[in-house]
1. Does region 54-73 hold any residues that are farther than 27 Å from Gly370 by Cα and surrounded by fewer than 21 Cβ atoms within 10 Å (Cβ to Cβ), and which are they?
2. Considering region 178-221 alone, what residues qualify as being within 27 Å of Met324 (Cα to Cα) and of a type in the set (Phe, Trp, Tyr)?
3. Does Phe89 count as in contact with a Ser or Thr (Cβ under 6 Å, 6 or more places away or on another chain), among the aromatic types (Phe, Trp, Tyr) and at pLDDT 95 or above?
4. Restricting attention to region 215-246, which residues are out of contact with any helix residue (DSSP H, G or I) (no Cβ under 9 Å at 6 or more places or on another chain), within 23 Å of Ser296 (Cβ to Cβ) and either assigned to a strand (DSSP E or B) or outside the structural domain of Val310 (by TED's automatic domain parsing) (or both)?
5. Just a yes or no: is a residue in region 320-341 out of contact with any Asp or Glu (no Cβ under 8 Å at 6 or more places or on another chain), within 20 Å of Ala272 (Cα to Cα) and surrounded by fewer than 16 Cβ atoms within 10 Å (Cβ to Cβ)?
6. Output the residue which, of all residues in region 346-372 that are over 27 Å from Ser4 (Cα atoms) and in contact with a Leu (Cβ under 8 Å, 6 or more places away or on another chain), is surrounded by the most Cβ atoms within 10 Å (Cβ to Cβ).
7. Within region 261-271, take every residue that is of a type in the set (Val, Ile, Thr) and touching a helix residue (DSSP H, G or I) at 6+ places or on another chain (Cβ under 9 Å) and give me the one that is nearest to Lys243 (Cα to Cα).
Amino acid sequence: MKKSWEYGILDDAVKKGSSNISLNKIKDDEGVYPVFGAKGFAKNVSFFQQEKEYLAIIKDGAGIGRVSKHPQKSSVLATMQYLIPKEGFDIGFVEYFLNSIDFKKHRNGSTIPHIYFKDYKSELFPILPLPEQKRIVSILDQAFAVIDKAIANTENNLQNTKELFDSYLNEIFSNPGNDWEEKKLGEVCDVRDGTHDSPKYQESGFPLITSKNLKREGLNFDKIKYISEVDFNKINLRSKVDKGDILLAMIGTIGNPIIVDIDPNFAIKNVALIKIPETLNNSFLKYYLESDLVISKMQNESKGTTQKFVGLGYLRTFPIIYPMLNAQNKIVEKLDSLSAETKHLESIYKQKLDNLKELKQSILQKAFKGEL
């Protein structure tokens with residue numbers, strides 16, 4: 001910290017304010033004054049809670065600690081909290097300072113995370129003359145404009161890389177050869193589903209894989225639920241998972257097919273189990289099932305209002321197309337190669353994004369230590 005600077009605490013620079021607004025309360029209200037939530041603009045209503053420009057911070061749920069600046073005559077939802085700069089403090093300076101705080105150390109709660117102003121209000125805050133605050137804000141604005149442009153370009157490159165592979169995948173399955181067959185999935189493969197029961201969960205035991213554990217990159221064991229050996233064996237009588245099988249999410253985010261590439265010691269629920277015959281390359285079927293044309297068809301034809309789902313009967317009659325095994329193998333070889341190259345590029349772009357975000361934090365740390 002710069003010795004010539006005077007330091008107080010955040011509480012010296014801002015006053016907090018609370019909101020009691022929920023979307024349910026304002027669903028029938030109409031007007032010209034905006035209300036903002038964690039995801040941005042929510043709707044316009046007939047009233048406002050803040051007369052002047054202000055800052056708000058997400059205090060409950062996903063995104064806790066994210067700070068945003070909002071216009072005069074507007075409001076935020078109750079999952080956010082007002083942080084209003086006191087007289088003599090520049091709103092941009094306070095916003096940058098808040099963005100420099102590591103709010104993870106102030107996190108409370110496990111199921112629904114939240115932060116309290118009382119826990120972070122004592123963060124050391126530089127008490128500077130207004131012109132000096134504005135000078136620092138000007139430097140940060142210029143630096144962050146360059147970094148944000150680099151981040152936007154990198155995110156665009158990352159998205160283009162993903163879209164290139166998806167486009168190639170769709171091209172293959174949108175233009176099948178004359179020798180390709182079309183059959184129902186259940187005619188070619190043994191298609192089953194997991195348990196329909198709700199087994200009792202426990203702190204340890206056998207993992208229960210649900211649709212939420214199927215990700216595009218593979219099986220995800222985060223926030224896994226465990227069941228007893230009795231329930232595990234009961235489920236496996238109906239749908240035992242073997243290495244090389246394909247699992248497909250049947251509810252929620254429909255799709256995300258993955259090939260089981262580990263020795264499975266888990267049971268499944270809300271997941272389709274597809275056992276592959278010798279005439280079919282499991283990687284070929286996986287690529288087909290994750291293509292946009294297949295996923296879009298499944299999602300469009302899914303049932304349910306609150307949560308979309310596809311049934312076992314639907315999946316068994318779902319059309320699949322494929323050539324002879326040798327041709328499948330050659331297609332898989334090409335797709336594997338392109339997929340590896342795509343993932344390599346994605347890792348480069350993701351690392352660049354991480355580096356750029358770390359650079360922003362490094363600059364903020366220097367700014368509030370008096371090193372700019």
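1. Result: Asp60, Gly61, Ala62, Gly63, His70, Pro71, Gln72, Lys73.
2. Trp180
3. no
4. Lys215, Gly218
5. no
6. Filtering first and then ranking leaves Tyr349.
7. So the residue we want is Ile268.
One line per residue, one yes/no per condition, for (1) of a type in the set (Asp, Glu); (2) in the same structural domain as Lys149 (by TED's automatic domain parsing):
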position: Asn270; (1), (2): no, no
position: Thr279; (1), (2): no, no
position: Leu285; (1), (2): no, no
position: Glu290; (1), (2): yes, no
position: Thr342; (1), (2): no, yes
position: Glu358; (1), (2): yes, yes
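The values are calculated or read from the model by the stated rules, or taken from the named source; none is laboratory data. From a predicted model like this one, the values you see are computed outputs, not experimental measurements. Note that we place each Cβ from the backbone using ideal geometry, even for glycine, and neighbour counts take in every protein chain shown.
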